[in-house]
Amino acid sequence: MKSILIKSSFLLLLVLFSVKVNDANLSNTTAKSDDFQGQAYYVSKSKMELGRWGARLSEAQKKQVEARLKNRLEKEYILTFNKEEALFYEDEKLDAMTGATDSWGKNFAPGRQYKNVKTNTQIQSQEFYGKKFLVKDKLQDINWVLGKETKQIGNYMCFKATASIPSNDLAWYDFSWSRLSNNNTQAEKENDSTATKTEEPEVDVAMTEVEAWYSPQIPVGHGPLEYWGLPGLILEVNAGNTTMLCTKIVMNPKEKLEIEAPDKGKEVTKSEYQETIVEKMKEFRNNRMGRRRS
């Protein structure tokens, strides 16, 4: 009987010890999860679109234009992320080394972008003609269609996803003269006295077909630029004439990475920022036309 009691006590102690060990391992796992961080490095390349003006150029002239615009067509970016937050920004070291500047292009380039997938928040710093803006809005709404195709990007197995997104929503910080024309057409329709109140003005919404590749091996819903919301980090995006590819990933670096949202500038929404750009470009066009007439 004494032997049975000793054995029972030993088994009880063994079970209690096992529970404590498991609790300790669970705590360590949670701590590691809380400290989960990473950095992804992307290279972005865009094809040059010269439109009707480009059709009049020779191949040699096209290459010259492309060489002058290289620092606008080819960019490098860094995405710093944890489970909930991400900070995306351009790596400007290359321009600093070459001395290349593109003051005009910087007015329409994406600024420092903070995203929080838990709170559905995006905060982005933009500078337009010397004035600083703090663009606060929701994350871009994307209805992804998950595919079965896979491919390897570096050490990561990736899955394909596609979506169709309004072009203006993807490049709300950019400007095109076609957007100005569309705005004018829309205003004319709204002011048309012959239109009845029940009529809805017809607006053609340009859409961009997006192809993304994400890896569940990195279980975060982040991605570059406006892209997010997939069950794994987005490592490649093909949209319009631009391809963005992740070339390097650093997971859980020794030094803790700081992810801080921008906090300087006039607070506006994405649509309000677009309106600001359109009005400024109207002013720019009218001033230039006025100088030509005088």
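Every read-out reported here was derived from the displayed coordinates using simple, explicitly stated rules and does not represent laboratory data. Only a predicted model underlies this, so the values are computations on that prediction, with no experimental measurement involved. Here the Cβ is made from the backbone with ideal geometry for all residues, glycine too, and neighbour counts use every protein chain on show.
Overview of values
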item: Nearest-20 debye value, segment 219-291 charge dipole, Cβ charges on Lys, Arg, Asp, Glu; result: 400
item: Residue-span extension gain [Ser164 to Glu92] - 0.36 nm each, minus C-alpha spacing; result: 22.9 nm
item: In segment 216-294, GluC sites (Glu not before Pro) in a DSSP loop with at most 12 other beta-carbon atoms within 10 Å; result: Glu255, Glu258, Glu260
item: Gyration tensor (alpha-carbon) shape descriptor, segment 207-294, a/c threshold 1.5; result: prolate
item: Counted charge near Lys248, where neighbours are those whose Cβ lies closer than 12 Å (Asp, Glu -1; Lys, Arg +1); result: -2
item: FRET efficiency estimate (nearest 0.05) - Cβ-Cβ, Thr269 to Thr119, R0 22 angstrom; result: 0.85
item: Flagged links, alpha-carbon separation over 28 Å, of Lys47/Lys270; Lys45/Lys106; Lys45/Lys148; Lys160/Lys266; result: Lys160/Lys266
item: Distance between modelled label sites at Thr247 and Leu146, nm, 7 Å Cα→Cβ extension; result: 3.1
